[in-house]
Amino acid sequence: MHLDLTDLRLFIHIAEAPSLTQGAKRAFISPAAASVRIKALEAQLNCHLLYRGSKGVELTDAGQRLLKHARLIMRQIGYLKTEFAEYGTDSSGHIRIFANTTAVTEFLPEVLAGFLAKNPGVTVDLQERLSRDIVRGVQEGATDIGIIAGPVAAKDLQVLHFSTDRLVLVVPKGHVLDTGEPLKLRDALAFHHVGLQEGSTLQEFMREQAEKLGEHLTWRIQVTSFESICRMVEAGVGIGVIPESAATRHSRTMALSIVQLDELWAVRERSILVRQLEALPGCIRALISILRPEAIDIHSMPSSGG
């Protein structure tokens, strides 16, 4: 079997369009030529990859499997090109990161600012994703690394723990829940909550915890950051669940009280997810070494290209 990289790249474009015409346009070939290439690829693999319809195309089960492998192959080709673009250096390349809400809003901006300032040849694509999408993205090669909080059920990935945080409840000073004693989530469900916007990982996580109790959270308002949550809480709009690191920082300048949650799930282990650490380009390993210095010595481990 001989798979052409041009065909794999075309197939990815079509799958992501999802239209043969649009995919062909992205690949800079005619729709007719694209159709011939896809039919030849299907013949080589002896299976149908696409359902063709008037509104576009849809992947078959075989097409879904090929898309996963094609993305991994093209990602590895990208690594190879990056490594040899400036042989022997870790100061150039492109890094794609899928991360949860806390990582995107709390600590990654500062970490990436320092990293990018020291490595002007590196670019980063940072996307906030739900936990399940982060895991799947690393598995399928849609992202180079994932940053997640909580347990990870993925035996085919390397999980590098790098810090621990807790979820806590923030309430206004003097609130009825401001007793100095830990409480259960159930005790807080009777009050209006201030939370993050729909689609955030923390928002989805808290909704799941309430549903496990047979209850639901009543959102008074949903905002875009932990700082905004704290300002709303300080103003008496409601109460909110946020990471303790953010709560501690904002409580220094706002009239807030931090209430510990007596829940096992409140302890959040932060982890970096990768498929194979040793196969990553030097620039990605360099970033991981900043997030988790004990996880990797980029100078002593074998390089994937230089």
Can you pull out the residues in the range 123-155 that are modelled with pLDDT under 90, outside any loop (DSSP other than H, G, I, E, B) and more than 25 Å from PRO243 (Cα to Cα)? GLN139, GLU140
Against the condition outside the structural domain of VAL170 (by TED's automatic domain parsing) and either outside any strand (DSSP E or B) or in contact (Cβ under 8 Å) with a residue 24 or more places away in the chain (or both), how does ILE258 come out, does it pass? no
Residue ID - surrounded by the most Cβ atoms within 10 Å (Cβ to Cβ), chosen from residues in the range 1-15 that are in contact with a Lys or Arg (Cβ under 8 Å, 6 or more places away or on another chain) and closer than 15 Å to LEU50 by Cα: LEU10
Test: residue in the range 246-253 that is in contact (Cβ under 8 Å) with a residue 40 or more places away in the chain, in a strand (DSSP E or B) and either touching a Lys or Arg at 6+ places or on another chain (Cβ under 9 Å) or surrounded by fewer than 21 Cβ atoms within 10 Å (Cβ to Cβ) (or both): no
Flag for LEU116 being at pLDDT 85 or above and either in a loop (DSSP other than H, G, I, E, B) or among the aliphatic types (A, V, I, L, M) (or both): yes
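The values are calculated or read from the model by the stated rules, or taken from the named source; none is laboratory data. Values in this document were obtained by computation on a predicted structure and should not be read as measured data. Please note: Cβ atoms are built from the backbone with ideal geometry, for glycine as well, and neighbour counts cover all protein chains shown.
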